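Input: a single structure, listed below in structure tokens.
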Amino acid sequence: MDFSRVIAARRSLRAFSDRPVEPVKIERMIEAARWSPSCANRQPWRFVIVPMGDPARPALEEALNAGNAWAKRAPVLIVTGAGKADGAVVESREYFLHDTGLATMSLLYRAVDQGLLVHPMAGWKEEPLKAALSLPDDFCPIAVIAVGYAGKPEDMDEEARRKDEVPRTRKETGEIAFRGRFGDPLAASLPSAPAKVFETDIPLRFGDIDAMGHVNNAVTMTLFELGRAKFFAEVMGVGKIEDYEVILAEATVRYRLPILLQDQVRLRMHITDVARSSFRFRAELFDPRDGRVFTEAETVQVMYDYGKGRVKHVSPEFLEKVRDYIGG
Ligand SMILES: Cc1cc2nc3c(=O)[nH]c(=O)nc-3n(C[C@H](O)[C@H](O)[C@H](O)COP(=O)(O)O)c2cc1C
């Protein structure tokens with residue numbers, strides 16, 4: 001998945017399905033964490049993986065606070081923490097919590113990249129958690145991360161459902177980033193919410209499959225075209241091809257996995273890099289059932305006045321309609 005999409009897609013939601021998580025996905029998450037930076041390369045992070053059915057699981061669930069009962073449905077719980085003995089100290093600054101946080105972020109993003117839902121928690125009791133996992137004395141547990149696939153909000157209790165519906169908020173850029181000296185706000189120019197992703201199902205037809213048994217890149221391009229047409233219709237309200245005001249000037253298609261006839265294909269896309277007379281779409285075809293990304297594409301659209309036969313500027317009306325979908 002494109003990295004800006006990973007950032008936008010990560011949400012600490014609470015509805016987990018009972019679909020098991022493939023062990024290789026957990027292994028990739030750990031691998032991402034393993035290659036994180038750490039002060040003096042001390043790598044203080046540790047992760048204890050506790051899947052559903054593990055003998056330690058009931059005791060770990062017991063250690064969760066009542067407000068985190070929703071996490072018991074998650075097929076995997078990962079306890080993160082730091083070995084203090086491996087922590088670097090510079091002057092009086094102790095870096096073990098910082099470095100474990102960095103590694104945890106890599107782990108979370110790699111999970112999202114693989115279509116998983118991850119939710120870190122501080123709401124648990126330390127002594128029962130330590131006992132459940134036989135943690136050594138010099139080990140400092142930091143978070144429990146619920147890992148799984150997104151489920152249906154209906155399967156949660158009222159309290160958890162209500163929490164998931166609370167709108168996401170963030171401090172303003174100028175409150176957290178300064179220019180030159182502390183307190184002088186950094187000016188922000190980007191939209192303050194992560195870009196919305198336009199998603200639509202792409203039906204596969206028998207005729208889309210070639211002699212090799214999969215969808216080749218030439219056909220994939222037409223699947224992206226279908227998605228773009230749906231975007232123009234649903235977001236911009238331009239339903240007829242003859243009303244298009246754009247030319248597809250450039251397209252890059254990156255093959256990652258074969259699309260087979262039995263695959264379910266969904267497209268997600270957003271806009272990047274709006275220039276004076278053009279804009280870019282970044283798009284992916286993926287299987288919504290497991291998050292596998294088949295193909296990535298980037299296209300450049302040039303605004304064009306077909307009547308006058310010349311390039312024109314991106315209009316304020318266009319920007320108004322697509323604003324929510326523009327991301328960095
Ligand atoms: C260290 C840490 C502890 C957290 N503890 C809990 C928790 O115990 N229960 C919970 O429901 N969410 C918990 N969260 C999730 C935060 O509430 C969430 O990250 C925050 O509201 C921002 O939402 P977002 O992650 O969807 O962007 C925790 C997050 C972090 C990083």
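The values are calculated or read from the model by the stated rules, or taken from the named source; none is laboratory data. Everything numeric in this text was worked out from a predicted model, so none of it was measured. Neighbour counts run over all protein chains shown; Cβ positions are idealised from the backbone, glycine included.
Return the residues of region 132-162 that are within 11 Å of the ligand (Cβ to nearest atom) and at pLDDT 95 or above; say none if nothing qualifies.
142, 143, 144, 145, 146 - these are the residues of region 132-162 that are within 11 Å of the ligand (Cβ to nearest atom) and at pLDDT 95 or above.
Listed here are the residues, each with its yes/no results for (1) of a type in the set (Ser, Thr, Tyr); (2) more than 30 Å from residue 115 (Cα to Cα); (3) in contact (Cβ under 8 Å) with a residue 24 or more places away in the chain.
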{"site": "150", "(1), (2), (3)": "no, no, yes"}
{"site": "156", "(1), (2), (3)": "no, no, yes"}
{"site": "159", "(1), (2), (3)": "no, no, yes"}
{"site": "171", "(1), (2), (3)": "no, no, no"}
{"site": "175", "(1), (2), (3)": "no, yes, no"}
{"site": "183", "(1), (2), (3)": "no, yes, no"}
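Could you list all residues from region 7-27 that are outside any loop (DSSP other than H, G, I, E, B), within 16 Å of the ligand (Cβ to nearest atom) and within 26 Å of residue 52 (Cα to Cα)?
Selection gives 9, 16.
Looking for something more than 25 Å from residue 194 (Cα to Cα), among the β-branched types (Val, Ile, Thr) and surrounded by 15 or more Cβ atoms within 10 Å (Cβ to Cβ) - is there at least one such residue anywhere in region 266-281?
Restricting attention to region 266-281, the residues satisfying the condition of being more than 25 Å from residue 194 (Cα to Cα) are none.
No, because not a single residue in region 266-281 is more than 25 Å from residue 194 (Cα to Cα), among the β-branched types (Val, Ile, Thr) and surrounded by 15 or more Cβ atoms within 10 Å (Cβ to Cβ).
Quick one: which of 251, 297 is out of contact with any Leu (no Cβ under 6 Å at 6 or more places or on another chain) and touching a residue at least 60 places away in the same chain (Cβ under 8 Å)?
The match here is 297.
Would it be correct to say that residue 72 is more than 16 Å from the ligand (Cβ to nearest atom), over 30 Å from residue 285 (Cβ atoms) and in contact with a strand residue (DSSP E or B) (Cβ under 8 Å, 6 or more places away or on another chain)?
Judged against the criteria, residue 72 is not a match.
In region 118-131, how many are farther than 14 Å from residue 65 by Cβ and away from the ligand (no atom under 12 Å from the Cβ)?
Residues flagged as farther than 14 Å from residue 65 by Cβ and away from the ligand (no atom under 12 Å from the Cβ) within region 118-131 amount to 2.
Would you be able to say whether some residue in region 48-61 is acidic (Asp, Glu), within 16 Å of the ligand (Cβ to nearest atom), out of contact with any Gly (no Cβ under 8 Å at 6 or more places or on another chain) and under 30 Å from residue 159 (Cβ atoms)?
Yes; the residues of region 48-61 include at least one that is acidic (Asp, Glu), within 16 Å of the ligand (Cβ to nearest atom), out of contact with any Gly (no Cβ under 8 Å at 6 or more places or on another chain) and under 30 Å from residue 159 (Cβ atoms).
Return yes or no: is residue 225 touching a residue at least 24 places away in the same chain (Cβ under 8 Å), more than 23 Å from the chain's Cα centre (by Cα) and surrounded by 11 or more Cβ atoms within 10 Å (Cβ to Cβ)?
Numbers: touching a residue at least 24 places away in the same chain (Cβ under 8 Å): no; more than 23 Å from the chain's Cα centre (by Cα): yes; surrounded by 11 or more Cβ atoms within 10 Å (Cβ to Cβ): yes.
Spelling it out, it is not the case that residue 225 is touching a residue at least 24 places away in the same chain (Cβ under 8 Å), more than 23 Å from the chain's Cα centre (by Cα) and surrounded by 11 or more Cβ atoms within 10 Å (Cβ to Cβ).
Could you please find all residues in region 31-50 being surrounded by fewer than 17 Cβ atoms within 10 Å (Cβ to Cβ) and part of a helix (DSSP H, G or I)?
31, 34, 40, 41
When region 287-325 is examined, which residues are found to be closer than 17 Å to residue 235 by Cα and touching a Lys or Arg at 6+ places or on another chain (Cβ under 9 Å)?
Of everything in region 287-325, those that are closer than 17 Å to residue 235 by Cα and touching a Lys or Arg at 6+ places or on another chain (Cβ under 9 Å) turn out to be 301, 303, 314, 324, 325.
In region 239-257, is there at least one residue being assigned to a helix (DSSP H, G or I), modelled with pLDDT of 90 or more and in the same structural domain as residue 317 (by TED's automatic domain parsing)?
No, region 239-257 has no match at all.
Tally time: how many residues in region 147-164 are part of a loop (DSSP other than H, G, I, E, B) and either in contact with a Gly (Cβ under 8 Å, 6 or more places away or on another chain) or farther than 28 Å from residue 101 by Cβ (or both)?
We begin by selecting, within region 147-164, every residue part of a loop (DSSP other than H, G, I, E, B); these are 149, 151-152, 156-157.
Now narrow it down to the ones that are either in contact with a Gly (Cβ under 8 Å, 6 or more places away or on another chain) or farther than 28 Å from residue 101 by Cβ (or both): 149, 152, 157.
Final tally of qualifying residues: 3.
For every residue, the table says whether it meets (1) farther than 22 Å from residue 1 by Cβ; (2) in a loop (DSSP other than H, G, I, E, B); (3) aliphatic (A, V, I, L, M); (4) at pLDDT 90 or above.
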| position | (1), (2), (3), (4) |
| --- | --- |
| 174 | yes, no, no, yes |
| 181 | yes, yes, no, yes |
| 191 | no, yes, no, no |
| 204 | no, yes, yes, yes |
| 207 | yes, no, no, yes |
| 212 | yes, yes, yes, no |
| 215 | no, yes, yes, yes |
| 221 | no, no, yes, yes |
| 231 | no, no, no, yes |
